[in-house]
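One structure is given below, encoded as structure tokens.
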Amino acid sequence: MSLVPYDDRDGWIWQDGQFIPWREAKVHVLTHGLHYASSVFEGERMYGGEIFKLAEHTRRLFRSAEILDFQIPYTEDEINTASTQTCVRNGLSDCYVRPIAWRGSEIMGVAAQSATIHVAIAAWEWPSYFKPEEKAKGVALTWAKYRRPSPETAPTASKAAGLYMICTISKHAAEREGFADAMMLDWRGYVAEATGANVFFVRDGVLHTPEPDCFLDGITRRSVMALAKGKGFEVVQRHILPEELSSFSECFIVGTAAEVTPVAQVGEYRFTPGNISLSLMDDYARLVRRELQPA
């Protein structure tokens, strides 16, 4: 099946305060955000007509912009409203939502304090990141070549476009080798995350997850932690060495796109999707559709 290019679709995109026909939502080739990665974004999902954790996503978008030294020219409430309206305008009730903010094309150079800040929001149908049958048996990951940088060398607390360059490279390499994704270490050699999802491990009924001190403390990650604690599981946040993976029985990744996906392999280490992974996968699916009350 051929892919439908994202620039050639029917629908509407909210851009700078108004709805624009999908194919007309464009930026200039000399846009600062394209050349210098002065761009921040969010990845959100609408389930049954409601965007999951919308306010938290929008708050993080504004915080990311602040970290990259620019101010979004709208209020959080305006962006929340525009996000929901974008889905409605496109006739969607279950979809992926992508707000993005970037510096414009007035200045071409590293310094661009006077560049206009633009914001756009798009929404489109997007099924599960992994096929249901893949989820049930667990996906296979390899190790990424690149590592998550130190917060002293990059704005790691932001969801900034430039931070995903090494994720794209790593995921491409993984897929060429037949893997679904790649697991990244941080600059110290600790386990960090997959290219677009946080990770959890299970040992003796206890969940272990890397300390998010150089990568995003994901909104899905926090939601799954609350679910696990609500079920009575202990959750430990700590630095995890890669050789420790041999001591874990289960592994799963979490994120807006991945949702909760069990993992069967990370490099040389193997796991069996078990009761904890599978029950949290089901509970999260119920939570986002409001069939389960938050813990």
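The values are calculated or read from the model by the stated rules, or taken from the named source; none is laboratory data. Keep in mind that this is a model prediction, so the values were computed, not measured. Methodologically, a virtual Cβ is constructed for each residue, glycine included, from the backbone with ideal geometry; neighbour enumeration extends over all protein chains shown. Keep in mind that these areas ignore ligands, DNA and RNA; they rest on the heavy atoms of the full protein, side chains included. Shrake-Rupley method; radii C 1.70, N 1.55, O 1.52, S 1.80 Å.
Remarks
- Accessible surface, per residue, of the stretch 160-295 when the full set of protein chains is kept, probe 1.4 Å, Å²: 40 Å²
- With every protein chain in place, the stretch 78-156: carbon and sulfur % of accessible area (1.4 Å): 52 percent
- Of Tyr6, Tyr190, the residue with the largest accessible area leads and the full order is Tyr6, Tyr190 (1.4 Å probe).
- By average C-beta atoms within 10 angstrom, highest first, the peptides 152-162, 218-228, 107-117: 218-228, 152-162, 107-117
- Amide H contacts of Ala194 (H built 1.01 Å from N, under 5 Å, at least 5 apart or other chain): Met184, Val199
- Label point of Ser114 set 7 angstrom out along Cα-Cβ; within the stretch 59-84, amide nitrogens under 20 Å from it belong to 69-73.
- Tilt relative to the chain, helix 54-67 - C-alpha long axis, 0 to 90 degrees, to 10: 70 degrees
- Using the 1.4 Å probe convention, the accessible area of the stretch 10-72 works out to 50 Å² per residue with neighbouring protein chains retained.
- Share of carbon and sulfur in the accessible heavy-atom surface of the stretch 209-295 [1.4 Å probe, %]: 48 percent
- Trp124 accessible area, assembled protein chains, probe 1.4 Å, Å²: 40 Å²
- Calculated on the alpha-carbon coordinates, the convex hull of the stretch 59-216 measures out at 169 cubic angstrom per residue.
- Relative contact order of the stretch 132-208, defined on C-alpha pairs under 8 angstrom at six or more residues apart (%): 31 percent
- Arg286-Ile107 pseudo-label distance in nm [points 7 Å out on the Cα-to-Cβ vector]: 5.3 nm
- With a cut-off of 15 Å between beta carbons, the residues surrounding Ser64 carry a summed charge of -1, where Lys and Arg count +1 and Asp and Glu -1.
- Relative contact order [Cα under 8 Å, 6+ residues apart], the chain, whole percent: 17 percent
- Relative contact order [Cα under 8 Å, 6+ residues apart], the stretch 6-83, whole percent: 19 percent
- Scaled radius of gyration (Cα, divided by 2.2 N^0.38 Å) that the stretch 1-145 gives: 1.15
- Per-residue accessible area (protein heavy atoms, 1.4 Å probe) orders Val40, Val236, Val27 as Val27, Val236, Val40, starting from the largest.
- Mean residue ellipticity, 222 nm, helices only, the chain: the sum of -39500 (n - 2.57) across DSSP H runs of n ≥ 4, divided by residue count and rounded to 500, is -8000 deg cm²/dmol.
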